[in-house]
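Nothing in this text is a laboratory measurement; each read-out follows from the coordinates by a stated rule. Just so it is clear, the structure is predicted and the values come from calculations on it, not from any experiment. Because the Cβ atoms are built from the backbone with ideal geometry, glycine has one as well, and the counts that use them run over all protein chains shown.
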Amino acid sequence: MQYQISHADLKLVLALVRGRTLARAAEQLQVDVSTVFRAIRKLEASLQLALFDKNRRGYTPTQSAKALAEQAERAEQALEAARIALIQGENVISGTVRLTCTDAVLRSLLLPGLAELMSRYPAVALEVATSNTFASLSRRDADIAIRLSNSPPEHLVGRRLGRSAYFVCGQERYRPGYAQAPTELPWIAPDDSLADHVSVTWLRQAYPSLTPRYRCSSMSAVGGLVGAGLGVAALPDFMISSLEGVERLSAALDGCETDIWLLTRPDNLSLRSVQILFEQLADLLRARIATACQA
């Protein structure tokens, strides 16, 4: 391919990917519709690629257009970081940091303080991926992980933020039934995608013949069903305070206590953006865990 893509080309593609119509793209670029039409036709001819499929809904981007738009967004972020650096001076922290955690940790521990934290670092872009495994961090698809584990991978380094206990939880109306005949209640539990989860192991040992009425692919979903009054489940203490109307029906469950870790690869700590955000997240999460687990 001989054609050299310019920054103007990237802006053009990004505007049409975002706008999906010539009119909205023209509005973003502050030009007229005919200019956008001619420019995109010329770019496709120069690249010898179809960037958009025209249909009744507008302009649908091809995979090539999506790839260009992704690079355009990165360029946009880099320019914004440079602008902020000029305003704030050389101590500004910029770049993209990728974070992975479970849905439950995201909703119960991270989100309550994340907006205030990120407001301190306007030049940092945060990518959040929810996952129940260490795979994304190990494959270098993420920079920082928040995980519940009593034996985190040895190739990672991190901070132990606290310890979580598990309780059987449900709405108040389930309390008499749990005290008298717990196996007759509708139970909610993780499905086979979380077969090794501590709550699954505990339930299997405590009530070997019990078959849960509801099974979910994440602890966040388990908590959601408990909050909706569909039944009872073993939940970590940090989730309980965020579920309205949900109470602890039992004492802490034996064998379920789990450490909460903030983890990264050793080489990541050489990146200033990762290092700073890692330390700030550690402080934020320690405080949140202390509050949520004691509630």
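Note on residue 205 and residue 291: with the Förster distance fixed at 45 Å, the Cβ-Cβ geometry gives a FRET efficiency of about 0.90.
Note on residue 165 and residue 18: the extension gain reaches 48.4 nm, defined as 0.36 nm multiplied by sequence separation minus the Cα-Cα distance. Please work out which option in (i) 22.4; (ii) 19.7; (iii) 21.8 gives Kirkwood radius over Cα pairs in Å calculated from these coordinates, and answer with its label. The value computed from this structure is option (i).
Quick one: compute a quarter of the convex hull surface over the Cα atoms of region 229-269 and quote it in nm².
Details: hull surface 19.2 nm².
The orientation-averaged projected area of the Cα hull of region 229-269 comes to 4.8 nm².
A simple packing score, the average count of other Cβ atoms within 10 Å per residue, orders the peptides 258-264, 176-182, 109-115 as 258-264, 109-115, 176-182, with the highest score first.
The alpha carbon convex hull volume per residue for region 1-78 rounds to 85 Å³.
For the chain, the longest principal axis of the C-alpha atoms and the axis of helix 272-294 are separated by about 30°.
Working note: Cα gyration tensor of region 166-256, eigenvalues times five, square-rooted, sorted largest first, giving semi-axes of 17, 15, 13 Å. Dipole magnitude for the chain: computed about the Cα centre from +1 point charges on Lys and Arg Cβ and -1 point charges on Asp and Glu Cβ, it is near 760 debye. Here the calculated FRET efficiency for residue 119 and residue 179, from their Cβ-Cβ distance with R0 = 35 Å, stands at 0.15, rounded to the nearest 0.05. Take each peptide in 48-58, 199-209, count the other Cβ atoms within 10 Å of every residue, and average; sorted highest first, the result is 199-209, 48-58. Restricting attention to the chain, close to 65% of DSSP beta bridges with both partner residues there are antiparallel.
The simple spin-label model puts a point 7 Å past each Cα toward its Cβ; for residue 83 and residue 127 those points are separated by 2.2 nm.
Take the Cα pairs of region 101-193, get the Kirkwood Rh, then feed it into Stokes-Einstein at 37 °C and 0.692 mPa s and tell me D in µm²/s. Walk me through the numbers before you get to the answer.
On the way: Rh = 16.7 Å.
Roughly 196 µm²/s, to the nearest whole number.
Given region 1-132, what whole percent of its Cα pairs are spread farther than 19 Å? Let's see the in-between values first.
Numbers: 5279 of 8646 pairs.
Here the long-distance tail beyond 19 Å is 61 percent of all Cα pairs in region 1-132.
Where does each of 34-43, 224-233, 149-158, 239-248 land if you order them by average Cβ count within 10 Å, highest first?
Details: 34-43: 15.6, 224-233: 19.4, 149-158: 13.1, 239-248: 17.1.
Per-residue Cβ counts within 10 Å, averaged per peptide and sorted highest first, yield 224-233, 239-248, 34-43, 149-158.
Each label was represented as a point 7 Å from its Cα along the Cα-to-Cβ direction; for residue 70 and residue 283 these points are 3.5 nm apart.
So if we plug the beta-carbon distance of residue 7 and residue 150 into 1/(1 + (r/R0)^6) with R0 = 41 Å, what FRET efficiency do we get, rounded to 0.05?
On the way: r = 50 Å, r/R0 = 1.21.
Rounded to the nearest 0.05, the efficiency is 0.25.
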